[in-house]
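Below is one structure, written out as structure tokens; the observations come after it.
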Amino acid sequence: MRTWIVAQPGPVATRPLVLTDRPEPDPGPGQARVRVHCCGVCRTDLHLAEGDLAPRRDGVTPGHEVVGVVDAVGPATSRLSVGTRVGVAWLAATDGTCRYCRSGRENLCTAPAFTGWDVDGGYAESCLVDERFAYVLPDGLDDDQAAPLLCSGIIGYRALRTAAVPPGGRLGIYGFGGSAHLTAQLALNQGLRVHVLTRGEENRRLALELGCDSAGGADDEPPEPLDGAILFAPAGELVPPALRALDRGGTLAVAGIWLSDIPALDYRRELFEERVLRSVTANTRADGEEFLRLAERLGVRATTTRYSMADADTALADLAAGAFAGTAVLHVPPEWSTTPA
């Protein structure tokens, strides 16, 4: 099968992704093989390719917003069957026994595995998934729409809850890419006032088209104090101004897996009066199930730019350059071979 791998992490301009051929994987006990229809392009994939996240093993295949159909199952696989349409997301496995897993906080598992980092992901013709960690997708979400929801959407949902904005409150969103534009729709549907602060005129335009109350530059002050905020941009220098924008008792949730260095904080201006700075770490499967049901019911729609899977390296470079609003989605072209190498 054809698959992309991270050959040598480095700046995206050096094309760290390499297209190669590998034997098609055989599912083991409790696993299913998924024939990939499409895969969303996440900023985490960019961090992996550029080396901000060190690859957990050589030649790993990125991609953790995978939509496809099961075409083979391994022994003792009972939840999924051939023909089931599924999503494969970031969380690939947990130990199930640590204190965090036992207390319903599997996102903090001490021995997790992640799709496209520890195990091969969806920048390929097919991939494997532990059936316990696959999502059976609602019929109301087509492939192109479902892919971005599997990481960008789920993480945004958890970040929105972490920001703890009260009903009718005021939410600030810093950065407006794949995750943020989905989260904004959830917040607006819940009756929140949403202020977007982001670089890029196209992103600000999209925010206003979606119904956000304001859209300004990343360094601007929002037009009113915020009850909570989410930082999606991987820019540590935005933490102080985001904290200053919070009203008393407000929470800033940092949603990225990687963040540049945070400058020294001024306690009186940025943390005093019970302002809270919190990170968001992965998600639980319950988060994913809840969000996918909510997204279907509320009609959350991803703004997507379509690329061929053959152009995954170009899509990643375009993400780095901010060349599109919303999310890029890689589609497996019909001319790709589906026979094992």
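The values are calculated or read from the model by the stated rules, or taken from the named source; none is laboratory data. Here the structure is a predicted model, which means the values were calculated and not measured. Here Cβ is always computed from backbone atoms with ideal geometry, including for glycine, and neighbour counts include all displayed protein chains.
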Note on the stretch 301-317: residues β-branched (Val, Ile, Thr), more than 15 Å from the chain's Cα centre (by Cα) and not in a helix (DSSP H, G or I) are Thr305
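Yes/no per residue for (1) under 24 Å from the mean Cα position of the chain (by Cα); (2) in the same structural domain as Ala7 (by TED's automatic domain parsing); (3) in a loop (DSSP other than H, G, I, E, B):
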residue	(1), (2), (3)
Arg248	no, no, no
Ser260	yes, no, yes
Phe324	yes, yes, yes
Trp336	no, no, yes
Expected single match for assigned to a helix (DSSP H, G or I), outside the structural domain of Thr20 (by TED's automatic domain parsing) and under 16 Å from the mean Cα position of the chain (by Cα) among Glu289, Glu296, Glu237 is Glu289
What about Gly87, is it within 27 Å of Asp26 (Cβ to Cβ), in contact with a His (Cβ under 9 Å, 6 or more places away or on another chain) and crowded, with 20+ Cβ neighbours inside 10 Å?
-> no
* To do: Output yes when any residue across the stretch 59-74 is charged (D, E, K, R) and crowded, with 18+ Cβ neighbours inside 10 Å, and no when none is.
  => yes
Output for Cβ contacts, cut-off 6 Å, separation at least six or different chains, first residue modelled with pLDDT of 95 or more in the stretch 77-106, second surrounded by 17 or more Cβ atoms within 10 Å (Cβ to Cβ) and hydroxyl-bearing (Ser, Thr, Tyr), reads Gly87/Tyr135; Val88/Thr115; Trp90/Thr115; Ala92/Thr115; Cys101/Thr94; Glu106/Thr94; Glu106/Thr284
Open item on the list: Tell me yes or no: at least one residue of the stretch 35-48 is surrounded by fewer than 17 Cβ atoms within 10 Å (Cβ to Cβ), assigned to a helix (DSSP H, G or I) and at pLDDT below 95.
Closed with: no
Of the candidates Glu237, Glu296, Glu273, Glu290, the one satisfying the condition of being touching a residue at least 24 places away in the same chain (Cβ under 8 Å) and touching a Leu at 6+ places or on another chain (Cβ under 8 Å) is Glu296
Here the qualifying pairs (Cβ atoms under 7 Å; residues six or more apart or on different chains; first in the stretch 13-41 and within 29 Å of Gln145 (Cβ to Cβ) and assigned by TED's automatic domain parsing to the domain that holds Gly74; second assigned to a loop (DSSP other than H, G, I, E, B) and acidic (Asp, Glu)) come out as Val36/Glu125; Cys39/Glu65; Gly40/Glu65
